[in-house]
Amino acid sequence: MESKEQISIINEAINKAKEDLKPFGFNFIFWGIFIIIMCLVHLLFTEFIQQSKFSAVIYWTVLPLLGMVYTTMYNIKNGIKKGYETHIGRVVKILWMVFVFSWILVILPQSIINNQNPIQDIILLLAITVTTTGLILKSKSVGAGGIILFLVFYSIEFYPLVNTLVYCIIAQTFGLLIPGLVLYYNKNG
Amino acid sequence: MDKDLEKLLFNPIRLKIASFLISVDNASFKKLMQISGASKGNISIQIKKLSDAGFIKIKKIFDKNYPLTLISITRKGKKLFELFFKELKSYKNN
């Protein structure tokens, strides 16, 4: 085998190891829609969801945990079907695991102990994670989504009178749903 | 070029496997079959040769009671591949 032929084999094999952005897009769309629906239900049935001290915490913990189980299973199934994991895919996976652990171990206990609304903290954590994902994937739409999430975080800080659930809907729409749709329908793969 | 390394990657199937594994974190046996276009038996032999040389590592897990073989390149494998590619390029330029 000649060296030219060997280089062509190497190039061909490396080109087959491209990252598919569709599963990332699916995760963003799923969580965008899921949290928007949860916010709308919370807004429409506020009295029912906030009937006791812990009812809102249960609502905002159990349902996202079920969502996490579903997306974890989807990602495992998709990974097996694809047959390989890229370095970028692994880094993004670890990054979102850090997000989940930070949410469970830091934000959630803090909101229960101090009885405070966790939405602003979650949006900040989400802004950091989405912006970093955008930088790793070199995706302008995801990066822009992260910046919008930062803006929403500061808006809650400076204009706290608007219901935080409304801010949450805006954050999910521009921070997850729209970037997710862009990733999902990206023709370049 | 190191004779053993040259011998190891001279085989096109092993070269395809090594080139694919260098650009991913891990790959399944089935995917490597698809990438190399080799038969199950042939790829098993080539993977064993790469594994014996310390070029790759094999991990067996279970997915819904079905065995799943995951293959990844080792640190040694990465260094050897880099060396191989550098020397290949210098051969091509000369």
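Given the criteria surrounded by 18 or more Cβ atoms within 10 Å (Cβ to Cβ) and under 29 Å from B:Ala18 (Cα atoms), does A:Glu12 qualify? No; evaluated as a whole, the condition is false for this residue. Taking every residue in region A:66-87 that is more than 9 Å from chain B (Cβ to nearest Cβ) and pairing it with any residue that is in a helix (DSSP H, G or I) and not aromatic (Phe, Trp, Tyr), at least 6 positions away or on another chain, the pairs with Cβ-Cβ distances below 6 Å are A:Thr71/A:Asn27; A:Asn78/A:Pro23.
Scan region A:123-143 for residues that are free of Cβ contacts under 8 Å to residues at least 40 places away in the same chain and in contact with a helix residue (DSSP H, G or I) (Cβ under 7 Å, 6 or more places away or on another chain) and jot them down. First the steps, then the outcome.
Initially, region A:123-143 is screened for residues free of Cβ contacts under 8 Å to residues at least 40 places away in the same chain, giving A:124-125, A:128-129, A:131-132, A:135, A:138, A:140, A:143.
Listed by number, the residues that qualify are A:Leu124, A:Leu125, A:Thr129, A:Thr131, A:Thr132, A:Leu135, A:Gly143.
For region B:51-83, the set of residues classified as in contact with a Leu (Cβ under 7 Å, 6 or more places away or on another chain), away from chain A (no Cβ under 14 Å) and of a type in the set (A, V, I, L, M) consists of B:Ala53 only.
Hey, does region B:54-68 have a residue that's among the polar types (S, T, N, Q), buried (at least 16 other Cβ atoms within 10 Å of the Cβ) and either without any contact (Cβ under 8 Å) to a residue 12 or more places away in the chain or touching a helix residue (DSSP H, G or I) at 6+ places or on another chain (Cβ under 6 Å) (or both)?
Taking region B:54-68 and keeping what is among the polar types (S, T, N, Q), we get B:65.
Still in the running and buried (at least 16 other Cβ atoms within 10 Å of the Cβ): none.
Checking region B:54-68: not a single residue is among the polar types (S, T, N, Q), buried (at least 16 other Cβ atoms within 10 Å of the Cβ) and either without any contact (Cβ under 8 Å) to a residue 12 or more places away in the chain or touching a helix residue (DSSP H, G or I) at 6+ places or on another chain (Cβ under 6 Å) (or both).
Going through (1) surrounded by 12 or more Cβ atoms within 10 Å (Cβ to Cβ); (2) away from chain B (no Cβ under 14 Å) one by one, A:Ile58 falls short only on (1).
Report yes if B:Lys30 is touching a Gly at 6+ places or on another chain (Cβ under 6 Å) and not acidic (Asp, Glu), otherwise no. Yes; evaluated as a whole, the condition is true for this residue.
For region B:32-41, the count of residues that are over 12 Å from the mean Cα position of the chain (by Cα) and of a type in the set (Val, Ile, Thr) is zero. Identify, please: which residue in region A:98-135 is touching a Leu at 6+ places or on another chain (Cβ under 9 Å) and surrounded by fewer than 16 Cβ atoms within 10 Å (Cβ to Cβ) and is, among those, nearest to A:Pro64 (Cα to Cα)? The qualifying residue nearest to A:Pro64 (Cα to Cα) is A:Ile104.
Taking region A:52-63 as the range and being within 26 Å of A:Met97 (Cα to Cα) and touching a residue at least 24 places away in the same chain (Cβ under 8 Å) as the test, the residues that pass are A:Phe54, A:Val57, A:Trp60, A:Thr61, A:Leu63. The criterion of at least 2 residues that are within 19 Å of A:Ile7 (Cβ to Cβ) and in contact with a Pro (Cβ under 6 Å, 6 or more places away or on another chain) is met by none of the helices (runs of 4 or more DSSP H) falling completely within region B:12-94.
Looking at A:Ile49, A:Ile107, A:Ile113, A:Ile37 in this structure, which one is without any contact (Cβ under 8 Å) to a residue 24 or more places away in the chain and in contact with a His (Cβ under 7 Å, 6 or more places away or on another chain)? Break it down stepwise before answering.
Numbers: A:Ile107 fails: in contact with a His (Cβ under 7 Å, 6 or more places away or on another chain); A:Ile113 fails: in contact with a His (Cβ under 7 Å, 6 or more places away or on another chain); A:Ile37 fails: in contact with a His (Cβ under 7 Å, 6 or more places away or on another chain).
Within the list A:Ile49, A:Ile107, A:Ile113, A:Ile37, the selection yields A:Ile49.
Applying the condition of being under 18 Å from A:Glu85 (Cβ atoms) and among the charged types (D, E, K, R) to region B:22-50 and asking which residue is nearest to the other protein chains (Cβ to nearest Cβ) yields B:Lys31.
Each reported figure results from applying straightforward, stated rules to the coordinates on display, with no laboratory input. Keep in mind that this is a model prediction, so the values were computed, not measured. Positions of Cβ are generated from backbone atoms using ideal geometry, with glycine treated the same way; all protein chains shown enter the neighbour counts.
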